[in-house]
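Read-outs: derived from the displayed coordinates by stated rules, not from any lab. Model, not experiment: these values are computed from the prediction. Neighbour counts run over all protein chains shown; Cβ positions are idealised from the backbone, glycine included.
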Amino acid sequence: MYATLNHYLTRWRSLAILALLLAPLLWPLHHFAERYYSEQIAGQNQQTLDLYVANLLGTLRRYEDLPPILGELPTLRAALQSPTDRALQSAANLELARIRGRTGADVIYLMSPDGLTRAASNWDQEDSFVGRNFSFRPYYKEAMQGRPARFFGLGTTSKRRGYFFASEVRDGTRLLGVLVVKVDLEHMEQLWGNTPDQLLVMDGNGVVILSSNNAWRFHSSRELSPAKQREIAENIPYPILQPKPLKIDQRRWLSQSRELPETGWTVSIYTPRVQVDNPVRSVVIIGAATLVAMLLLLSLLTISRRHYLERIALEAQAKHELEIRVLERTRELEDANARLQQEVSNREQAQRELMHAQDEVVQAGKLTALGTMSASISHELNQPLAAIRSYADNARVLLDHERLDDARGNLVQISELTGRMASIIGHLKAYARGARRAPENVALQPALNDSLALVASRRQAMQVELLRDLPDADIWVQAGETRLRQILANLLANALDALSEKAPPRRIWLIASQTPERVILSLRDNGPGFSDEALAHAREPFFTTKTSAKGLGLGLAICDTLLRALGGHLELGNHPEGGALVQLHLLPGLPGVTSTPQEETRA
Ligand code: ADP
C-alpha cells in the first residue's frame, strides 16, 4: 500500500518536473500571441485612423475654399464697401445666414479691415459677432497680409472649438475686409463614440485639441517654448493659457499616429493594452491547459501501459506457476503411479508368498492331521490287537487245559475285536472315498427315510418318539446319495446314544427349512445335550465321551468333513429347552430323479 502511494507520488513529482521544464514553451506562445493581437489591433486602428483622418480632412477641405469664393459675392462686398449702410448690412447678414444654412458651417462673418465684424450669420442670435472686433486673432492678421489663413481656437463667446478659415476681400488693390468661416470641431469628438479606444488630435504646438478622453484635452505633449507661450497668450486658442503636460502611461496604451501636413496636426489612436493582454492571456491559459491535458494524457497512457505490462507479466507468471504446478502434479502422479505399481508387485509377491505359506501350512496341517490320525489309528488298533493276542494266548492255555468253553469264549471275544477293527478301518475308507466325490442332486426326504429305517429297530426298542416337520414335496440338495445317508445315520445314531442315557420320554425332532440360498435340516433330541468340552472338540477325530465299545469319536469328524466337501457345514449346539440341536446346512440342488444309493453306507 505504502509502496503504491510512494510510486504515485514519484510519478506525479516527475510529471510536475516535466511540466516545469515544458513551461518555458509558453513564452514563445505568449510572444507570438502578443504580436498577432498587436498586429490585429494595429491593422484595425490603421483603418479607423484612415477613416477618421479622411473624415476630418473632408470636413476641413469642404470649407477651405469657401472664404475667397464668398468674398466675391456682391451682397457681401457691398456691405463692406458701404459700412454705414444698414440695409446693405442686413442684406449681408441674411446672405451669410443663408449660406451658413446651406454649407453647414458654424458661423460665417465679415470683418472690416479694422477687425470689426460688420455682418455675421449669427447676427440675430444672442452671441452675435456683429460689432465685435477679432483683430487679435491670428487668422485676421494673416488674411490681412493676403494669405489664406487657418486657425484653431475656441469660440470667444461660444467657447466651442472650431477651425477658422479666413481670406481677404479685395476690390482691385483696395482691401475691403476679411471673410471668416468657422467650422465646429466639437462634433468630430462625438463622432468617436463610446469605445475603449481613445482618440487624440494634437495641433502644431503639441497640445491636445480633440480627445475622447476628457483628462487629456488641452494638455501639451511637449514643453512649450516661451515664444509659443506668448503666442498662445496672444491668440487664446485654448481655454487655458498654460497647458499642463500630457501624461500618458505608455505601458497601458498602444498608440498609432498620423500626421496631417495641411494643418500641422497629429491624429493618434490609443488602445488600452488590456485589449491585447486579455486575448493573449486566454491563449496562454489555453496553451497551458493543453500542456497540462497532454501531460495528464501522457501520464494516463504511461499508467495504462504500465498496468498492461504488469498484467501481461502477472499472466505470464501465473501461467508459469501453473505449468510448474502441472509439472509437479504430473511428477507426483508419476511417483504415485510408480509407488502403486511397486505396491501392486509387492502385494503380488506377498500374495504369492502367502499362498506359498498357506500351501505349506495346509501341507503341515495335513501332515499334523495325518500324524494325529495315524497315532490315533495305531492307538485304536493296538488296543484290540493287544487284547486279541492276550485272548489268543489265553485260549491256547485253556485248550491245553481242555477248558473248551472258556477257549470258545475267548475266540468269540477275538472275533468281536476284529469286527471292531474292521469297523474303524471301514470308517476311514468311507471317509477317504466320499470326500473326493463331486456333489450331485439328491432328494432329502428319501435319504432321511432310509437312514431312519437303519435305526428303526433300535429306536422302537428305546421307545423314542419321532416328531417330523418336513414338507411333502422333495427338498433337493447338493450331496452324494450315500454320503448324505451316512451323515444322517451318524447323527441319528448319536441322538439315540444320547437318549439312551436318560429315562423316557425320549424324543427326536426332524425339521427342514429352505431358502433360495440353502437348505437347513435340524435334528433335535431331548437327551443331555453337548457338554462344553464336547462342543469344543466334537469335530475332532477320535474325540468321544462314550465308552470305547460304543464310540470311536469319528462320526462328527467325518460328517463335518463330508459336509464341507459338499459346500455346506455342520452347526453343533444345544436347544434352549435342553438336548442337542445339530443343524445341517446344505446347498439347494436341482430337482432330479430319486435314485437308490450307489455308495456304501458303512463299511
Ligand atoms: P462317538 O459317537 O463315537 O462318540 P462322535 O464324533 O459321533 O463320536 O461324537 C463325539 C461326541 O459328541 C460324543 O462322544 C458325545 O459326547 C457328543 N455327542 C454327539 N452327539 C450327541 C448328542 N446327540 N447328544 C449329546 N452328545 C452328543
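From the cross-link list Lys159/Lys247; Lys141/Lys182; Lys182/Lys244, which pairs have alpha carbons spaced over 19 Å apart?
Pairs exceeding 19 Å: Lys159/Lys247; Lys182/Lys244.
Taking the mean number of other Cβ atoms within 10 Å as a proxy for protection, how do you rank 111-119, 464-472 from highest to lowest?
Going from most to least packed, we get 111-119, 464-472.
Which peptide among 315-325, 170-180 comes first, and what is the full order, when sorted by highest mean count of other Cβ atoms within 10 Å?
So the order, starting with the most tightly packed, is 170-180, 315-325.
Give the angle, between 0 and 90 degrees and rounded to the nearest 10, that separates the Cα long axis of helix 404-434 from the longest principal axis of the Cα atoms of the chain.
With both axes taken from Cα atoms, the answer is about 20 degrees.
I'd like the orientation of helix 444-462 relative to the chain: the angle between its Cα long axis and the longest Cα principal axis, in ° from 0 to 90, rounded to 10.
40
Filter the trypsin sites (Lys or Arg not before Pro) in region 490-544 to those in DSSP coil with at most 14 other Cβ atoms within 10 Å of their Cβ, and list the result.
In loop regions of region 490-544 (DSSP not H, G, I, E or B), the sparsely surrounded trypsin sites (Lys or Arg not before Pro) are Lys502.
Taking the Cα atoms only, what angle lies between the long axis of helix 226-235 and the longest principal axis of the chain, rounded to 10 degrees?
Helix 226-235 sits at roughly 70 degrees to that axis.
Work through the residues other than Pro68 whose Cβ is under 12 Å from its Cβ and net out their charges, Lys, Arg +1 and Asp, Glu -1.
Charge balance in the 12 Å sphere: -2.
Under a cut-off of 15 Å between alpha-carbon atoms, report the aspartates and glutamates in cross-link reach of Lys319, not counting same-chain residues fewer than 8 places apart.
The qualifying aspartates and glutamates are Glu310, Glu328.
What 222 nm value per residue comes from the helices of the chain, counting each DSSP H run with n ≥ 4 as -39,500 (n - 2.57) and dividing by all residues, nearest 500 deg cm²/dmol?
-19000 deg cm²/dmol
Determine the percent antiparallel among the DSSP beta bridges restricted to the chain, to the nearest 5.
On the way: 66 of 74 bridges.
Bridges in the chain that DSSP calls antiparallel: roughly 90 percent.
So for each of 13-25, 450-462 I average, over its residues, the number of other beta carbons within 10 Å; can you give me the resulting order with the highest mean first?
Ranked from most to least packed, the peptides come out as 450-462, 13-25.
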